[in-house]
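Read the figures in this text as sums done on the coordinates, not as results from a lab. No experiment lies behind these values; they were computed from the predicted model shown. Ideal geometry is used to build each Cβ from the backbone, glycine not excepted, and the neighbour counts take in all protein chains shown.
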Amino acid sequence: MRIDKPTHIAESNLAKMRTSDFTEEIPGQLAAGINRLGTKGYTYYSIYPVAPEVPYDEFPYSPERIQACGRDGRLTVEIKRLESDGVRRHYTIGRPSAANESETEVVYNGDSAYPVRPSEVLTPTEAIRLFLGYYDTGDVAPGWHLREQPEFADAG
């Protein structure tokens, strides 16, 4: 189905574009962006909503987004969202078992190493599922653990 205007912007360290205006193409577009991570210089991928009144050729910055980084099938996914108290909070998304973990594993964003909990090291399939859920609802589906990263919080 064709929509009047794309509703999201997809961004990587190498490109920024509108998502497709054909809804049936969205799963493939998001999967391609995530599966590209760690290859040909791609280090991160994110999507965020864009207001319908924004001209098609403009790509405004949004602090609220879902983003992924990693390589070799080992990804980490994070979300930054506006909470009811007016603060934008940044979370690392993991499987429910992440709540009880303290040890860390490393996920890479280019040459930078990021320590995350073992249950926060996700597969591309899991990342794609999270991105599709965010595209549809603007949030993370129930059942995932969100670990706040308070150093990245800011006023809404």
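Here are a few things to note about the model shown:
- P(r) histogram, all alpha-carbon pairs of the chain included - 5 Å bins from 0, percent: 2, 9, 18, 22, 21, 15, 8, 3, 1, 0
- Gain on full extension, evaluated as 0.36 nm per residue between residue 71 and residue 31 minus their Cα-Cα distance, stands at 13.0 nm.
- The lysines whose alpha-carbon is closer than 17 Å to the alpha-carbon of residue 80, local same-chain residues fewer than 8 away aside, do not include any residue.
- Straight-line cross-link partners of residue 5 among the lysines, defined as a Cα under 21 Å from its Cα and at least 8 positions apart when in the same chain: 16.
- Sites residue 4 and residue 139 - FRET efficiency at Förster radius 25 Å, r taken between beta-carbons, to 0.05: 0.60
- Compared with the dominant Cα axis of the chain, that is its longest principal axis, helix 26-35 is turned about 40°.
- Virtual spin-label span in nm between residue 62 and residue 113, 7 Å along Cα→Cβ: 3.4
- Lys/Arg +1, Asp/Glu -1 at C-beta; the chain dipole; positive extreme among 137, 7, 124: 124
- Separation in nanometres of the label points that stand 7 Å from Cα toward Cβ, at residue 83 and residue 123: 3.2
- The angle separating the long axis of helix 124-137 from the principal Cα axis of greatest extent in the chain is about 50 degrees.
- Remark: spin-label model distance residue 13-residue 151 equals 1.9 nm, labels positioned 7 Å along the Cα→Cβ axis.
- Sequence-distant residues sharing a close amide H with residue 71 (under 5 Å, placed H): 108
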